[in-house]
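Asker: Sending over a structure as structure tokens; questions will come in a sec.
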Amino acid sequence: MNYTTSAIAQITGATLHGAGNRPVAHLLIDSRKLGHISDALFFALRGDRHDGHLFIADLYARGLRAFVVEYLPENATAAFADADFLLLDDTLQALQDLCAFHRKQFTCPVIGITGSNGKTVVKEWLYQLLHETFSIVRSPKSFNSQVGVPLSVWQMNAEHQLGIFEAGISQPGEMIRLQRIIAPTVGLITNIGQAHDENFTRQYEKVDEKLQLFHSCETLIYCKDFGSVHDRIGHDPALHKKKLFTWSAKTKADLQQARVTRIGLETEIQAVYNLRFETIRIPFTDDASIENAMHCWAVMLHLGIPQETITARMASLTPVAMRLELKEGINNCSVINDSYNSDLGSLAVALDFLNQQHQHEQHTLILSDILQSGRSEQALYAEVASLLSKKGIHRLIGIGEAICRNRDVFEVQDKNFYTDTASFLQSFSISSFRDETILLKGARAFGFEAISKVLQQKTHETVLEINLNALVHNLNYFRSRLQPGTKLMAMVKALSYGSGSFEIANVLQFHRADYLAVAYADEGIELRKAGITLPIMVMNPEEQSYDAMIQYRLEPEIYSFRVLSLFDEAAQRQRRIGEDIPPLPVHIKLDTGMRRLGFEEADLNELIVRLRNNRQLVVRSVFSHLAGSDEAVHDGFTKQQVERFTAMSEKLQEHLGTKFLRHILNSAGISRFPDAQFDMVRLGIGMYGIGVNPEEQALLQNVSTLKTTISQIKNVPEGETVGYSRKGKATRATQIATVPIGYADGLNRRLSNGRGVLWVNGQPAPIIGNVCMDMCMIDITGLTAREGDEVIVFGDAVTIARMAKDLETIPYEVLTNVSARVKRVYFQE
């Protein structure tokens, strides 16, 4: 399909301002992800906390010329002379209208998938199972939202023989909008769980909402064992005349599960179909995989795939990589591992993630052949080459026979090609990777795990996993609590509460935090060297760091006349040596009752005089620190602090005559004292998933998971002891596992002797004996466990808050005590 801006204006009902003859092939909703310029159309979406219209001028300066808007920029005719603007009331509606129109141009079958869990896995498994039969277009990653679905459907073209799209909803009224975009001919609902229950009065309302996806489909596939689904299908008049294809493990169905047998690392599933016993075997043993395989089996039978083909392909199913992982690599490199699938959609997502990383200027892509795309090699790799050029790749390493044949289409200056992974590892000098960010993007068949292994910094088996999606979720939750115009300062001190430095700052910068705060200047300097450009406040500026702070544009907290004088002297030194610098921003700390640092009320007159007479410094913000905002017992004192801060800051405002930001609220304060937001708030522990109360905790997502593995399993007879000082005693025949984590890694020694509990395969295992420096022992008697199995120290199963309670401390201490020698792995779904 060929579109122009005038054609899209007609489709969406927009008023066209401009010539209207610009071609459109790519849709853009995020100004940070600009790749294509000549044929891209930007939709200026608006929400509670963002407005895409604010980025039009920047996009125009970068060469973009087509925009869908709800209001025209100021002086649009003169300032944006050769742009096309499509003006209408709702840009999100326009995006959905355009993609719904695009969907109607194709008649191939489309499978629409919804449910609470398993949508993405089922979609990816169906692709694995069906791509040899059909040329398939599918949702990239988990693009199932109000914007993800239209962007997924926009990928459809005449070459595709089957579409597979997933749809997710979080509140009433959303599915009907997605239904008209996907317009599935075949529907599949996976299951119904508790996700987003808070937005529905009753669960059946959520089921009814999801079932709207299938109101125009021909066939609906589902499991009858989910009673709420089966019941609501019967109550939905729009579904009464649909063809239903059901499966069940409990009752009569089209595909009736008969027996499930786990054999080693595989599961054999026997079922009855058309009065015949049929069998598949999958390389998984968990209940979720068995359920997902049954969904896929039902879909394949409905599509007429022969049973012998289904059996053969099910045996070759591979795990679905749901996430991009960012790890520390050799020679000061960063490694992004997305080496389990390779297609154009997921490649674009991975390249966007790569471009969020600013710690290295050099960006390298190691890319395998893209398999089963359904397109000609020449057209496919020409588009890949164009994408790499637009995304700023500096070095390309291509692996595979197809990409080798098309090497000439790539304009990357530094490029190397190898027919297979083994040839690359044998021939390429791995030591030449240095000070760069490397993206591994490969189809599973190419075994890029071997490349990842040699590129990763060697560390022991204990890792701290950081879920960047959860971090962003929590960030947006707190943003939703803010009044319009309130800025947000994100705390990244102490390695971002143990979670990392520039890795977290990159995410916060990408998601447009207004300020960062660190404890010491060297933390800020590291962020600057890693490409972080956001304003950074230093909360504990030390005298010896002032010159470096000025050099790296760091902004000090000024809490006493001594610090004010010393920093003023540093500014004068810079000018004496010929540095032409503007007035330096500083942040004035007021003591309103914390009694730690800050100017007191009696200091204000002298402070005003000194600041008014100082031409070298400019007050960027005035703030204070709450002492007990998380505890209701201190609410009276907190309100008193807020009153003191209001009076003191207003006096400064009145006499300084300059506008500055005011802030006093921390994470707990944001939730409990919304009337004291002033101009900015400081978000700390809440961003990392720790809520102020159980109600808020339920709305936040866990960010950090500390995990390790079982090194060895032993049987200890009754009466024998375990560990140093013989503190652990076996009161019965006991099976223990030794795991490689100790107090040098951050596992507090106070968790010894049953006080602490680790989790093995979803089951609690108490620590037995004393925690050692580098390892500890856990009691796994009666549990199913093997050497090499994963062990969770804290995460979803045992929360940081629970561990802090066991230690009689606070979550801050648990998080910040994780040793620097523990490898951090960052991932994004």
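Asker: Excluding ligands, DNA and RNA, what is the solvent-accessible area per residue of the stretch 269-385 at a probe of 1.4 Å, expressed in Å²?
Answerer: Counting only protein heavy atoms, the per-residue value for the stretch 269-385 is 36 Å².
Asker: What does the accessible area of V518 come to, in Å² to the nearest 10, when a probe of 1.4 Å is used?
Answerer: Number for this one is 0 Å².
Asker: At a 1.4 Å probe radius, which order do W759, W297 fall into by accessible area, largest first?
Answerer: Heavy-atom accessible area, descending, gives W759, W297.
Asker: Also, quick follow-up: Taking all protein chains as present, what is the carbon and sulfur share of the accessible area of the chain, in % to the nearest whole number, probe 1.4 Å?
Answerer: Here carbon and sulfur together make up 48 percent of the probe-accessible area.
Asker: For the stretch 532-580, what class follows from the C-alpha gyration tensor (a ≥ b ≥ c being the square roots of its eigenvalues): rounded when a/c is under 1.5, otherwise prolate if a/b is larger than b/c, else oblate?
Answerer: Judged from the Cα gyration tensor, the stretch 532-580 comes out oblate (a/c at least 1.5, b/c at or above a/b).
Asker: Right, another one. Sort E718, E205 from largest to smallest accessible area, using a 1.4 Å probe on the heavy atoms of the protein chains.
Answerer: E718, E205
Asker: Quote the relative contact order of the stretch 223-296 in percent (integer), defining contacts as alpha-carbon pairs under 8 Å separated by 6+ residues.
Answerer: Values: 98 pairs, mean separation 14.4, N = 74.
This gives 19 percent for the stretch 223-296.
Asker: Want the number for E829 to I305: 0.36 nm per residue separation, take away the alpha-carbon distance, what's left? Please report the intermediate quantities before stating the final value.
Answerer: Details: separation 524, 0.36 × 524 = 188.64 nm, distance 3.11 nm.
Result: 185.5 nm gained on full extension.
Asker: Checking the cross-link filter: which lysines have an alpha carbon closer than 16 Å to that of K327, excluding same-chain neighbours under 8 positions apart?
Answerer: K441, K453, K458, K707, K823
Asker: Suppose a student asked you for the relative contact order of the stretch 672-768, using Cα pairs under 8 Å spaced at least 6 residues apart; what percent would you report?
Answerer: 17 percent
Asker: Here's another thing I want to ask about it. Give the accessible surface of the stretch 409-484 per residue, rounded to a whole number of Å², with probe radius 1.4 Å and ligands, DNA and RNA excluded.
Answerer: So the stretch 409-484 comes to 45 Å² accessible per residue, rounded to a whole number.
Asker: Grab the Cα-Cα distance for Q763 and I263, subtract it from 0.36 nm times how many residues apart they are, and report the gain in nm with one decimal.
Answerer: 177.8 nm
Asker: Calculated from DSSP H runs of 4 or more alone, at -39500 (n - 2.57) each and per residue, what is the 222 nm mean residue ellipticity of the chain, nearest 500? Display every interim value, and only then the final one.
Answerer: Values: 28 runs with 259 residues, N = 829.
About -9000 deg cm²/dmol.
Asker: Please list, or write none, the lysines whose alpha carbon is within less than 23 Å of the alpha carbon of K729, excluding same-chain residues fewer than 8 places away.
Answerer: Partners found: K714.
Asker: Rounded, prolate or oblate, given the Cα gyration tensor of the stretch 181-338, with a/c below 1.5 counting as rounded?
Answerer: oblate
Asker: Here are some values of percent of Cα pairs over 39 Å apart: (1) 53; (2) 43; (3) 48. Which one was computed from this structure?
Answerer: Checking each listed value against the structure points to (3).
Asker: Tell me the relative contact order for the chain as a rounded percent, counting alpha carbon contacts under 8 Å between residues six or more apart.
Answerer: Reported as a whole number, the value is 8 percent.
Asker: Considering only DSSP beta bridges with both partners in the stretch 177-302, what is the antiparallel share in %, to the nearest 5?
Answerer: The answer is about 60 percent antiparallel.
Asker: Could you tell me the accessible area of R672 in Å² (1.4 Å probe, neighbours in place), rounded to the nearest ten?
Answerer: About 70 Å², rounded to the nearest 10.
Asker: Now for a separate question. Using R₀ = 51 Å, calculate the FRET efficiency as 1/(1 + (r/R₀)^6) where r is the Cβ-Cβ separation of K729 and K529; round to 0.05.
Answerer: For K729 and K529, the calculated efficiency is 0.45.
Asker: Share of antiparallel DSSP beta bridges in the chain, in percent to the nearest 5?
Answerer: Counting only bridges with both partners in the chain, antiparallel ones make up about 40 percent.
Asker: Which entries of K141/K415; K141/K493; K206/K242 have Cα-Cα distances beyond 22 Å here?
Answerer: K141/K415; K141/K493
Asker: Could you check the spin-label model distance between T15 and R62? Points 7 Å from the Cα along Cα→Cβ, value in nm.
Answerer: 2.9 nm
Asker: Counting other Cβ atoms within 10 Å, which trypsin sites (Lys or Arg not before Pro) in the stretch 590-668 have at most 10 and lie in a DSSP loop?
Answerer: Here the trypsin sites (Lys or Arg not before Pro) that fit, given the DSSP loop and packing criteria, are R595, R596, R615, K659.
The values are calculated or read from the model by the stated rules, or taken from the named source; none is laboratory data. In this text the structure is predicted, and so the values were computed from the model without any measurement. Every residue, glycine as well, gets a Cβ built from its backbone with ideal geometry; the counts of neighbours run over all protein chains shown. The area values use the complete protein model at the heavy-atom level, side chains included, leaving out ligands, DNA and RNA. Shrake-Rupley method; radii C 1.70, N 1.55, O 1.52, S 1.80 Å.
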